[in-house]
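Scroll down for the structure; my scribbles are underneath it.
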Amino acid sequence: MRDNRFGLNFHHFGLAVRNPDDAFRYLQSLGYTVSATVHDPLQRVNLALCSHPEMPRVEVVWPPGADPSPIDKMIQRHSGLVYHLCYTAESPERAVTAIERAGLNIVAASTSKEAVLFGGREVSFFFVENVGLIEIIRGDPAEWGDEPAEPGDVT
Amino acid sequence: MIDTTDIYEKLSVIFRDVFEDETLIAKPSLTADDIAGWDSLTNLRLVLTVQKAFGVKFTAHEITSLNNVGELATLVQAKT
């Protein structure tokens, strides 16, 4: 086992898109399973988690429609962009402290929120200078046992 | 406490660097709507650069509550 000083375990890539149809078509053609679409009112986006037996998970994120969302300006310039890396951590606070101790500049991008896509688990976003945006889900996925629903199970 | 004029001068330098536009002038009414490249990711890079330049630290709540450059300058002044 390699040294993991931050206690972060990779969970998914966050892919922001204007419209999810092409991203779903692309990922499904690679063998991904696309979860049901979830609207997250706190993050003000629509989400679907795409899972694959051999490839990393991809969270497709797109604006909910008429209402403004935090990714609006980003997707004006890029039709699709992997814009965050998501990890799980038993203690996001300890992870952030460890990142700071490693000499990296990190700033909290938002207050922590309950994520609809992850069963209401607490998520928080941070920006690491020269790395980018990271999301941290609190907890150990081994204890969750409840990946997001298959299409049609949840809306 | 740093003088307001000094804050805006320093912020102007930061804005020109972050948004790669030598014509930018930081003024109180300036918002993300006024600059094409000011998206949520660039905003965080801007905040980190401001923190480093002024030797201050913002909370997540403070960052998400900012509406314009005037509020950013006021926050910087309160923390220096």
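Some points to look at:
- Dipole of region A:9-141 [Lys/Arg +1, Asp/Glu -1 at C-beta], most positive-end residue of A:Ser91, A:Ala16, A:His52: A:Ala16
- Percent of C-alpha pairs per 10 Å bin in region A:54-153, short distances first: 12, 41, 36, 11, 0.
- Computed as a quarter of the hull surface, the mean projected area of the alpha carbon convex hull for the protein assembly as shown stands at 13.9 nm².
- Its residue count N sets the reference 2.2 N^0.38 Å, and the alpha-carbon radius of gyration of chain B equals 0.98 times that reference.
- Across the cross-link table entries B:Lys10/B:Lys79; A:Lys73/B:Lys79; B:Lys52/B:Lys79; B:Lys57/B:Lys79; A:Lys73/B:Lys27, which are compared at the Cα atoms, the separations over 19 Å belong to A:Lys73/B:Lys79; A:Lys73/B:Lys27.
- Cα→Cβ-extended label distance, 7 Å offset, between B:Asp17 and A:Ser91, nm: 3.4
- Beta bridges per DSSP, both residues in region A:9-141: antiparallel share near 75 percent.
- Between 0 and 90°, nearest 10: helix A:92-101 axis offset from chain A longest Cα axis: 60
- Net charge over other residues, Cβ less than 12 angstrom from the Cβ of A:Leu81 (K, R count +1; D, E count -1): +2
- Using the Cβ of A:Gly132 as centre and a radius below 13 Å, the other residues enclosed give a net charge of -2, where K and R count +1 and D and E count -1.
- Neighbourhood charge, 14 Å Cβ-Cβ cut-off, centred on A:Thr97 and excluding it, Lys, Arg +1 and Asp, Glu -1: +1
FYI, it's all coordinate maths here, none of it is from the lab. What you see is a predicted model; the values in this text were computed from it and never measured. Backbone-built Cβ (ideal geometry, glycine too); neighbour counts: all protein chains shown.
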